[in-house]
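What follows is a single structure, written as structure tokens, with notes after it.
We did not get these values from a lab; they are worked out from the coordinates using the rules stated. It should be emphasised that the depicted structure is a prediction, and the values quoted were computed from it without experimental measurement. For neighbour counting, all protein chains shown are included, and Cβ atoms are generated from backbone atoms with ideal geometry for every residue, glycine included.
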Amino acid sequence: MTGWLARAGEAGVRRGEEPRNRFARFTARWFGPTPAVASSRFQDAGEQFPRHWRRFPDPWPAVDPADPEMRDALAAAIEELPATWRAVVIGRDALDQSAEDVSAGLGLTGQQQRAILNQARARLRERLAQRLRRGRAT
């Protein structure tokens, strides 16, 4: 499908996941609903090392990558991501596409694509960390 019909279909899909406000519509594709890592976990501007960790995250236990429970947890975490974030992560990490290819395919600048990738990876890391903490507690 090419031309105006494809663009109309894309616009319809985007309208379903973006706010109706014309000023917020375009930025909603690139920013998720909440920050991936809480800002309270980083040092403030007045502290010795601004924007560095207050305390490093706990190390993860060794996990078998073939474990079906971990694969399911990762798949569920990927499904929770906003559509654009999901497309960037899948393109870059699962399909091993270049940053330029992913940016061009989604109509993003290189800087936007990189920011989305970092946020999405942080969100996935946090979801897996929650899963591993629960597994260790039981």
How far is it, in nm, from the label point at residue 51 to the one at residue 133 when both lie 7 Å from their Cα along the line to the Cβ? 2.5
Pairwise FRET efficiency - residue 111 versus residue 74, Cβ, R0 = 25 Å, nearest 0.05: 0.40
Under 5 Å between amide H atoms, partner at least 5 residues away or on a different chain: which partners does residue 42 have, H built in plane at 1.01 Å? 54
If I take R0 = 25 Å and measure r between the Cβ atoms of residue 90 and residue 37 in this structure, what FRET efficiency does the formula 1/(1 + (r/R0)^6) give, to the nearest 0.05? 0.75
Hey, what do the phi angles of the range 46-63 turn into as Karplus ³J(HN,Hα) couplings, whole Hz, using 6.51/-1.76/1.60 and θ = phi - 60°, x for Gly and Pro? x, 8, 4, 10, x, 6, 9, 4, 6, 9, 4, x, 5, x, 7, x, 5, 10
Please give the peptides 123-132, 84-93 ranked by average Cβ packing (other Cβ atoms within 10 Å per residue), highest first, as a rough proxy for protection. 84-93, 123-132
Among 103, 98, what is the fewest-to-most ranking by other Cβ atoms within 10 Å? 98, 103
